[in-house]
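Chemist: Next up is a structure, given as structure tokens.
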There are 2 protein chains.
Amino acid sequence: MNARALEQRVFNFSAGPATIPLSVLEEVRDELLCYPGAGASVMEISHRSQVFTEIAADAESTLRELLAVPDDYSVLFLQGGSALQFSMVPANLLRGSGKVADYLVTGSWSKKAIAEARKEGDVISTFDGKADNYCSLPPRESLMTSEDAAYLYYCSNETIQGVQFNSEPDCPDSVPLVCDASSDFLSRRLDIAKYGILYACAQKNAGPAGVTVVVIRKDLLERGDTSLPGYLNYQNHAQADSMWNTPPTFAVYMLGKIAHWLKEQVGGLQEIEIVNERKSSLLYNAIDGSDGFYCGHAAADCRSKMNVTFNLPNEELQSKFIAEAAAKHLDSLKGHRSVGGIRASIYNAMPMEGVESLATFMEDFAAKNR
Amino acid sequence: MNARALEQRVFNFSAGPATIPLSVLEEVRDELLCYPGAGASVMEISHRSQVFTEIAADAESTLRELLAVPDDYSVLFLQGGSALQFSMVPANLLRGSGKVADYLVTGSWSKKAIAEARKEGDVISTFDGKADNYCSLPPRESLMTSEDAAYLYYCSNETIQGVQFNSEPDCPDSVPLVCDASSDFLSRRLDIAKYGILYACAQKNAGPAGVTVVVIRKDLLERGDTSLPGYLNYQNHAQADSMWNTPPTFAVYMLGKIAHWLKEQVGGLQEIEIVNERKSSLLYNAIDGSDGFYCGHAAADCRSKMNVTFNLPNEELQSKFIAEAAAKHLDSLKGHRSVGGIRASIYNAMPMEGVESLATFMEDFAAKNR
């Protein structure tokens, strides 16, 4: 049955929830009825049991090691996805501050984030890419964040538009930089010390849907007022080592497994960064080498290494592309309903072989349908 | 390896996360690498894919069938556990209403709930069991909920104290009855029409930690103001069929499996109610037949059928009890750190055999250590 299951697996280009390393899935399957030493599935044991607290502590320390998280940062495992972070960030850092928060609106996710922030206080979008349909990012020199802004918020990778920041936007030292890194978390090295808060839902590079990692500089924990709904106050979670309430234990366990895979099998963030560069180049080369048959959505200088978005000459060819790709086990390539076209999400766990197959398919398809 | 894994499994009396039916775990294991027809693990596919939307719709309809949920109720799958519901209920039904919410404080969980509600508006505890250390529940005739209360809130089963309501408290028709049913959800039949909101985190009877089921009467969806943090507004989730943001897909999938187990293998809520009555009687009989060696925490008329709490004559015997039970594969019997003693959580998935073993062990232990 297992050989059969493997045979049936496709290359899954879903934007999230997304591909998980096969070796991790195999380990999880093998431990599913009985986690070693627990006498039960990891899903069945108390979050306060020694076995589980060790699993959670190990997940945290492995993430800390991968990202070189400094000691003055807390790492939290929360629920509610990025959607809840859209509210938690301004609820903790903006509400009642008398300050203004700066937002870079570079696509669908930062647009949702600023809408939630407006409920909590004064907000300005110091950049909004609407005019060119969110295909480009603000030039570094154009950003002028005020030194007394509550924080500067941006989304490092917009999955729907396929645009990605190559590096952090400039931000005064006095202003916490807040980053929604949901879709490129763990895909490259970062200097955590540049951030006030960096958060990511797990379902792209880090695990199944249902857990969100928040890396937060400890001095910012005190900003949340005690009048906040308890779950929304970062301080509560930090003080309780993410066990203020029952954490999503299975998702935390998987996050730890994936962190270990990244550390031990891939070799860390420096290695995965090289792999991700190589994988995305294969697809962008296929676009650029197609004599305009494929038209990339993102401007060349901010192409995402995680979500490669492009259009074909017409709807009919797009549907044909998706259908023929699926027949070759290249799955979930349809672009997001809000922008259409094709989107190939190639997160950490997408094997090189899957990207090579897609690049070859793109060349063949262009040659036959040009 | 599977035979070995089975051999290693203990009877797990954890209060939550808790035992899951073995046949469900086996199905999940067998599908872990490749969900039938998906070409990927259920964790890896888009929540908007046809395969997953069918899984979520099936989980909802199976729950609706089990609980006979009327059409004028929405069933939501949310994140954040009961802890977030402690805030969402008053944020939606109390904030800005100019009304007062009534709370029955019957143990640790309703105490936490009222603390969160106080942040959102005026609240009164029309019962507080503190004086007798939360071992009893309010007599039905003592409850006098005002006809213009924002809602009447109670927790149907307090896991820590082991007290459970046998039926709903009296509540005027004009007042929505709100119930935290986290720890006895799906353990017995309920008349959903009596409730305004009934919610339950999954990790007792319904699944792994990370998903919370909210059954809410549709007219109450309109109470939440648009100024609420988006995730906290029930209306957003209801309008989007619980896909306002990415749901915890794996936990929803497991919830569906457990609902099917309950429906097909157990025979529904009427059947499980009988089994739960029988299981809890075995342990309460062991307590009552021990000539005072075991001292139950809960008053006889409100003993929980889910969490059986009791004390031994002294700390030393308690530690000995826990250690000797563990040696017989009867695991996680230590009471909650806030009340001490012994707690045997015997949710739906705890086999009769496990309860019989514990009852026999209790009798033997009492005989030897009296």
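The values are calculated or read from the model by the stated rules, or taken from the named source; none is laboratory data. All values reported here derive from a predicted model rather than from experimental measurement. Cβ: placed from backbone, ideal geometry, glycine included. Neighbour counts: every protein chain shown.
Yes/no matrix, rows are residues, columns are (1) within 14 Å of chain B (Cβ to nearest Cβ); (2) touching a residue at least 24 places away in the same chain (Cβ under 8 Å); (3) within 28 Å of residue A:339 (Cβ to Cβ):
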{"position": "A:149", "(1), (2), (3)": "no, yes, no"}
{"position": "A:158", "(1), (2), (3)": "no, yes, yes"}
{"position": "A:170", "(1), (2), (3)": "no, yes, no"}
{"position": "A:176", "(1), (2), (3)": "no, yes, no"}
{"position": "A:205", "(1), (2), (3)": "yes, yes, yes"}
{"position": "A:208", "(1), (2), (3)": "yes, yes, yes"}
{"position": "A:220", "(1), (2), (3)": "no, yes, no"}
{"position": "A:227", "(1), (2), (3)": "yes, no, no"}
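Chemist: Between residues in segment A:24-38 that are more than 8 Å from chain B (Cβ to nearest Cβ) and residues that are in a loop (DSSP other than H, G, I, E, B), which pairs lie under 6 Å by C-beta distance while being six or more apart or on different chains?
Modeler: A:35/A:42; A:38/A:45
Chemist: Separate question: With closer than 18 Å to residue A:204 by Cα, within 14 Å of another protein chain (Cβ to nearest Cβ) and among the polar types (S, T, N, Q) as the only criterion, which of A:41, A:82 stands out?
Modeler: Answer to the selection: A:82.
Chemist: Can I ask one more? Report yes if some residue within segment B:317-325 is in a loop (DSSP other than H, G, I, E, B) and in contact (Cβ under 8 Å) with a residue 24 or more places away in the chain; otherwise report no.
Modeler: No - not one qualifying residue is present in segment B:317-325.
Chemist: Okay, next question. Among the residues of segment B:36-45, write down those that are of a type outside the set (A, V, I, L, M) and either under 28 Å from the mean Cα position of the chain (by Cα) or buried (at least 23 other Cβ atoms within 10 Å of the Cβ) (or both).
Modeler: B:41, B:44
Chemist: Going by the conditions given, is residue A:304 without any contact (Cβ under 8 Å) to a residue 12 or more places away in the chain and out of contact with any helix residue (DSSP H, G or I) (no Cβ under 7 Å at 6 or more places or on another chain)? Walk me through how you get there before you give the answer.
Modeler: Values: without any contact (Cβ under 8 Å) to a residue 12 or more places away in the chain: no; out of contact with any helix residue (DSSP H, G or I) (no Cβ under 7 Å at 6 or more places or on another chain): yes.
Taking the combined requirement at face value, the residue does not satisfy it.
Chemist: Can you find a residue that is part of a helix (DSSP H, G or I), out of contact with any Cys (no Cβ under 7 Å at 6 or more places or on another chain) and modelled with pLDDT of 95 or more anywhere in segment B:196-217?
Modeler: Within segment B:196-217, none of the residues are part of a helix (DSSP H, G or I), out of contact with any Cys (no Cβ under 7 Å at 6 or more places or on another chain) and modelled with pLDDT of 95 or more.
Chemist: Within segment B:137-151, work out how many residues are in contact with a strand residue (DSSP E or B) (Cβ under 9 Å, 6 or more places away or on another chain) and outside any loop (DSSP other than H, G, I, E, B).
Modeler: 1
Chemist: Residues being out of contact with any Gly (no Cβ under 8 Å at 6 or more places or on another chain), among the polar types (S, T, N, Q) and closer than 21 Å to residue B:268 by Cβ: count how many of those fall in segment B:183-230.
Modeler: Number of matching residues: 2.
Chemist: Do we have residue B:259 as touching a Leu at 6+ places or on another chain (Cβ under 8 Å), assigned by TED's automatic domain parsing to the domain that holds residue B:175 and more than 30 Å from residue A:95 (Cα to Cα) here?
Modeler: yes
Chemist: Separate question: Residue by residue through segment B:152-187, note down the ones that are assigned to a loop (DSSP other than H, G, I, E, B) and either over 15 Å from the mean Cα position of the chain (by Cα) or not assigned by TED's automatic domain parsing to the domain that holds residue B:66 (or both).
Modeler: Listed by number, the residues that qualify are B:167, B:168, B:169, B:170, B:171, B:172, B:173, B:174, B:175, B:176.
Chemist: While we're here: Picking from A:357, A:290, which residue would you name as being outside any loop (DSSP other than H, G, I, E, B) and surrounded by fewer than 22 Cβ atoms within 10 Å (Cβ to Cβ)?
Modeler: Going through A:357, A:290 in turn, just one is outside any loop (DSSP other than H, G, I, E, B) and surrounded by fewer than 22 Cβ atoms within 10 Å (Cβ to Cβ): A:357.
Chemist: Could I ask something else about it? What number of residues in segment B:261-274 are surrounded by 19 or more Cβ atoms within 10 Å (Cβ to Cβ) and farther than 15 Å from residue B:206 by Cβ?
Modeler: 0
Chemist: Continuing with this model, one more query. Being more than 28 Å from residue A:48 (Cα to Cα), in contact with a Lys or Arg (Cβ under 8 Å, 6 or more places away or on another chain) and aliphatic (A, V, I, L, M), is that true of even one residue in segment A:240-249?
Modeler: No, segment A:240-249 has no match at all.
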